[in-house]
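See below for the structure under consideration.
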Amino acid sequence: MFGQENTAIVIACIILERAQAINSAGGYLHVLTEKARAGEFTVGPMLIAALKANGVRPQLVAAT
């Protein structure tokens, strides 16, 4: 559903967030999978939020 790279990113984000806000990692992954199937989820915003939560200030770069 997510592809190998995006699945790795999603799982890493869940592991990082779990200690702070996620009660059921499996349930959360299930919800994200359903949203991805419906075209309502992409990994980008999740990754940016995880970076910001860990003190990284990501900068978007325009594609050339």
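The values are calculated or read from the model by the stated rules, or taken from the named source; none is laboratory data. Not measured: the values here are computed from a predicted model. As a convention, Cβ positions derive from the backbone with ideal geometry for all residues, glycine included, and neighbour counts pool all protein chains shown. Heavy atoms of the whole protein, side chains included, go into the accessibility calculation; ligands, DNA and RNA do not. Shrake-Rupley method; radii C 1.70, N 1.55, O 1.52, S 1.80 Å.
Checking the stated criteria, Glu34 turns out to be among the charged types (D, E, K, R) and exposed (fewer than 14 other Cβ atoms within 10 Å of the Cβ). For the subset of the range 21-34 comprising residues that are outside any loop (DSSP other than H, G, I, E, B) and over 18 Å from Ala8 (Cβ atoms), which member is nearest to the chain's Cα centre (by Cα)? This residue is Val31. Selection over the range 16-28 of residues that are in contact with a helix residue (DSSP H, G or I) (Cβ under 8 Å, 6 or more places away or on another chain) and either open to solvent by less than 60 Å² (accessible area, probe 1.4 Å) or modelled with pLDDT of 90 or more (or both) gives a count of 3.
Looking at the range 41-64, which of the residues that are more than 13 Å from the chain's Cα centre (by Cα) and modelled with pLDDT of 85 or more is surrounded by the most Cβ atoms within 10 Å (Cβ to Cβ)?
To start, the set of residues in the range 41-64 that are more than 13 Å from the chain's Cα centre (by Cα) comprises 54-64.
Then drop every residue that is not modelled with pLDDT of 85 or more, which leaves 55-57.
Numbers: Gly55: 6, Val56: 10, Arg57: 6.
Selected residue: Val56.
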